[in-house]
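Colleague: I am attaching a structure below and will ask some questions about it afterwards.
The values are calculated or read from the model by the stated rules, or taken from the named source; none is laboratory data. Fair warning: this is a prediction, and the values are worked out from it, not measured in the lab. Methodologically, a virtual Cβ is constructed for each residue, glycine included, from the backbone with ideal geometry; neighbour enumeration extends over all protein chains shown. Quick note on the areas: whole protein, heavy atoms, side chains included, nothing else; ligands and nucleic acids left out. Shrake-Rupley method; radii C 1.70, N 1.55, O 1.52, S 1.80 Å.
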Amino acid sequence: MAAFDFDQELRDLALDQAPRVFAVAVQYEVEPGTLDGEIAAWGLAYDDGSAHVVTANGRHQLTLTSPERATWWFGREKGITARIVWFAASSAPAFERAEAA
C-alpha cells in the first residue's frame with residue numbers, strides 16, 4: 001500500500017477550490033479606425049458567482065456580484081469597451097519556500 005501523500009492532498013485541494021483568475025481589458029479608439037487598449041484590472045471569480053477586482057495600479061478594490069459587473073464598471077465611460085480575459089486554471093500547484101526576512 002502506498003504511503004499517503006499529504007502534500008499532494010493539499011495541492012489537489014488548492015486546485016479544487018481555486019478561484020478563476022481574469023483580467024479586465026479595456027479598448028478605446030485613439031483616432032478614427034485606430035484602437036488602443038490596456039489591462040484595467042485583475043480579478044478573482046469565486047464559486048458563488050462573486051468576484052474581487054483590483055485595479056491594475058493597485059489603488060482600488062471592488063467586490064462585485066459577478067465578474068461581468070466589472071465590464072460595466074470599467075466600460076461605463078463613452079467610447080470605452082471592457083471585456084473579460086479568462087486565464088486557464090493552473091494544473092500544477094507547487095509549494096514555494098518563503099524568503100527569510
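Colleague: Within the range 68-81, restricting attention to residues that are more than 14 Å from the chain's Cα centre (by Cα) and small (Gly, Ala, Ser), which residue is nearest to Val30 (Cα to Cα)? Before you say what the answer is, go through the steps one by one.
Modeller: At the first step, the residues of the range 68-81 found to be more than 14 Å from the chain's Cα centre (by Cα) are 72-81.
Pick out the ones that are also small (Gly, Ala, Ser) and you get 75, 79.
Numbers: Gly75: 16, Gly79: 10 Å.
So the residue we want is Gly79.
Colleague: Identify, please: which residue in the range 66-78 is part of a loop (DSSP other than H, G, I, E, B) and in contact (Cβ under 8 Å) with a residue 12 or more places away in the chain and is, among those, nearest to Ala89 (Cα to Cα)?
Modeller: Pro67
Colleague: Let me ask something else about it. Any idea which residue in the range 22-37 is least open to solvent (accessible area, probe 1.4 Å), counting only those that are at pLDDT 95 or above and among the β-branched types (Val, Ile, Thr)?
Modeller: Checked the range 22-37; the qualifying residue least open to solvent (accessible area, probe 1.4 Å) is Val24.
Colleague: Separate question: Can you tell which of Ala88, Ala56 is at pLDDT 95 or above and either under 30 Å from Asp7 (Cα atoms) or out of contact with any Leu (no Cβ under 8 Å at 6 or more places or on another chain) (or both)?
Modeller: Working: Ala88 fails: at pLDDT 95 or above.
Just a single option satisfies the conditions, and that option is Ala56.
Colleague: Look through the range 1-20, keep the residues that are open to solvent by less than 60 Å² (accessible area, probe 1.4 Å) and within 15 Å of the chain's Cα centre (by Cα), and return whichever of them is nearest to Gly79 (Cα to Cα).
Modeller: Result: Pro19.
Colleague: Right, next: From the list Ala92, Ala88, which residue is part of a loop (DSSP other than H, G, I, E, B), within 11 Å of the chain's Cα centre (by Cα) and aliphatic (A, V, I, L, M)? Walk me through it before giving the result.
Modeller: Details: Ala92 fails: within 11 Å of the chain's Cα centre (by Cα).
Testing whether each residue is part of a loop (DSSP other than H, G, I, E, B), within 11 Å of the chain's Cα centre (by Cα) and aliphatic (A, V, I, L, M) leaves just Ala88.
Colleague: Here's a follow-up. So which of His52, His60 is surrounded by 15 or more Cβ atoms within 10 Å (Cβ to Cβ) and not aliphatic (A, V, I, L, M)? Can you show your working first?
Modeller: On the way: His60 fails: surrounded by 15 or more Cβ atoms within 10 Å (Cβ to Cβ).
On inspection, the qualifying residue turns out to be His52.
Colleague: So, one more: If you check Arg69 against the conditions, is it touching a Ser or Thr at 6+ places or on another chain (Cβ under 8 Å) and among the charged types (D, E, K, R)? Steps first, please.
Modeller: Details: touching a Ser or Thr at 6+ places or on another chain (Cβ under 8 Å): no; among the charged types (D, E, K, R): yes.
So Arg69 fails the test.
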